[in-house]
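Quick notes on the structure that follows.
Please treat every number below as a calculation from the coordinates, not as lab data. Values in this document were obtained by computation on a predicted structure and should not be read as measured data. Note that each Cβ is placed from the backbone with ideal geometry, even for glycine, and that neighbours are counted across all protein chains shown.
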Amino acid sequence: MIAKNNSEDPDTQARAFSAQISEGGLLILQSLIGRQLYRVLAPCLQVAGAHFTAPSFSIHFSDEIGGRWFHKYVNICCEWSETPLTFTDYWDILISCENKPSGINVDSSGAIVAPCTICFYKAKPIKKIELYEFQLSAGQGSDLETVTYDKAIRFEHEGGTAFCIACQVNGPGDATEVHVSEDEATISQFLNGSRSRTCLTAI
């Protein structure tokens, strides 16, 4: 986990905790620019209207090489933590690119078995990917703690539509799960109180 205590002041004993998506994770996200992403897979889903949560989400994409199709999955999950004094929530979003989806069985032929699927119909290529950072302080004096972490990833298609993957307490599921939606109102709720930290576009 990237989260850490950055405190250097022994008088105030103020504590700062941070978690950002790794450089490797950013490169993986960058590789999705220009691709048409039609579906997200999950091992299970909890649903409240247009708001979905799961232990992990896997973004599927394929490349044709030498007349054969090769399938890859960008797997996104999170690690949830609390600060020791004020029990303030924060998350570390973990991203990897694998040959199989996270938490979903694959049979001997390489076919995935019984995934839950969220489909994005008429999806256009991804134009940009924005990372949103959230910061919160809690406590007073020697108990003051500040958390700063990447809260959400917003994937915008050509034409302006988007879907967003985020970490938070509110909504279906629990704190260890990741959230996804393509509903504008739900995305606004994901991003509430955060700021755009990084915007990835075509190189």
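Values for this structure:
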{"item": "Cβ-derived FRET efficiency at R0 25 Å, Q30 paired with C119, nearest 0.05", "result": "0.55"}
{"item": "Per DSSP, loop trypsin sites (Lys or Arg not before Pro) in the range 65-125 with at most 14 further Cβ within 10 Å", "result": "K122"}
{"item": "Pair W69, R197: separation of 7 Å Cα→Cβ label points (nm)", "result": "3.6 nm"}
{"item": "Residue-averaged [θ]222 nm for the chain, counting only DSSP H segments that reach four residues, each worth -39500 (n - 2.57)", "result": "-2000 deg cm²/dmol"}
{"item": "Calculated on alpha-carbon atoms, Rg and Dmax of the chain in Å", "result": "18.1, 65"}
{"item": "Theoretical gain in end-to-end length, S108 to E79 [0.36 nm per residue, Cα-Cα removed]", "result": "7.4 nm"}
{"item": "Per-pair calculated FRET efficiency, R0 = 22 Å: E184 and S62 via Cβ, rounded to 0.05", "result": "0.20"}
{"item": "Translational diffusion coefficient (Stokes-Einstein; Kirkwood radius from C-alpha pairs) of the range 8-121 at 25 °C, 0.890 mPa s, in µm²/s", "result": "147 µm²/s"}
{"item": "Under 26 Å from the Cα of K151 - lysines, other chains or at least 8 residues apart", "result": "K4, K72, K100, K124, K127, K128"}
{"item": "Length added when fully stretched, T176-S137, from 0.36 nm per residue minus Cα-Cα", "result": "11.9 nm"}
{"item": "Order of Y73, Y121 - criterion: other Cβ atoms within 10 Å of each residue's Cβ, fewest first", "result": "Y121, Y73"}
